[in-house]
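Chemist: Questions regarding the structure given below will be posed in turn.
The values are calculated or read from the model by the stated rules, or taken from the named source; none is laboratory data. Since we're looking at a predicted model, the values are computed, not measured. Note: ideal-geometry Cβ built from the backbone for every residue, glycine included; neighbour counts use all protein chains shown.
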Amino acid sequence: MKKYFLVVFFALLTTLSFAQTKTAWKELDDFHAIVAPVFHTAEKGNYNAAKDSATLVLKRAELWQAAPIPATLDAAVFKPLIDRLVLECKAINVTVSVRKPDDELKLVLRKAHNTFHEILSKYNQSVNKTKS
């Protein structure tokens, strides 16, 4: 019985943690689904996912850029951040295309990662203001 309880508990905990990563902004979620494994394996020094996915990451960023910003959000805040993210994803793609050293790839990945988290933070702040 104790094992059954633990399995159910951890299954529920896992479900809740994944549910919290979803937002009401489809393009944000779509981008995050692609870049999370890329950014987080690179933080551990493994750049293979970044090299393999550079073009896909850029395409997903460009799709986000082309999509309308939800009406509940301030486009003046989010548009420049998404534009910057696209430029940084282009830099990742170029860095991979011309086979620059991993140290340089690490730098451009970190910039894009930080920009993504800035967008996510501002999104969460906006959502929390709306709920208040």
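Chemist: Going by what's in this entry, would Ala112 be described as free of Cβ contacts under 8 Å to residues at least 60 places away in the same chain and within 30 Å of Lys129 (Cα to Cα)?
Modeler: no
Chemist: Checking the conditions here, which among Asp29, Asp103 is among the acidic types (Asp, Glu), loosely packed, with under 10 Cβ neighbours inside 10 Å and at pLDDT 95 or above?
Modeler: That would be Asp103, the only listed residue that is among the acidic types (Asp, Glu), loosely packed, with under 10 Cβ neighbours inside 10 Å and at pLDDT 95 or above.
Chemist: Determine which single condition Ala61 fails, assuming it passes every other condition in (1) more than 16 Å from Glu27 (Cβ to Cβ); (2) in a helix (DSSP H, G or I).
Modeler: Unmet condition: (1).
Chemist: Could you pull out the residue among Val86, Val57, Val96 that is of a type in the set (Val, Ile, Thr) and over 13 Å from the mean Cα position of the chain (by Cα)?
Modeler: Val96
Results for (1) exposed (fewer than 14 other Cβ atoms within 10 Å of the Cβ); (2) of a type in the set (Lys, Arg); (3) at pLDDT below 95, shown as yes or no for each residue.
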site	(1), (2), (3)
Gln20	yes, no, yes
His40	yes, no, yes
Asn48	yes, no, no
Ala54	no, no, no
Val57	no, no, no
Arg110	no, yes, no
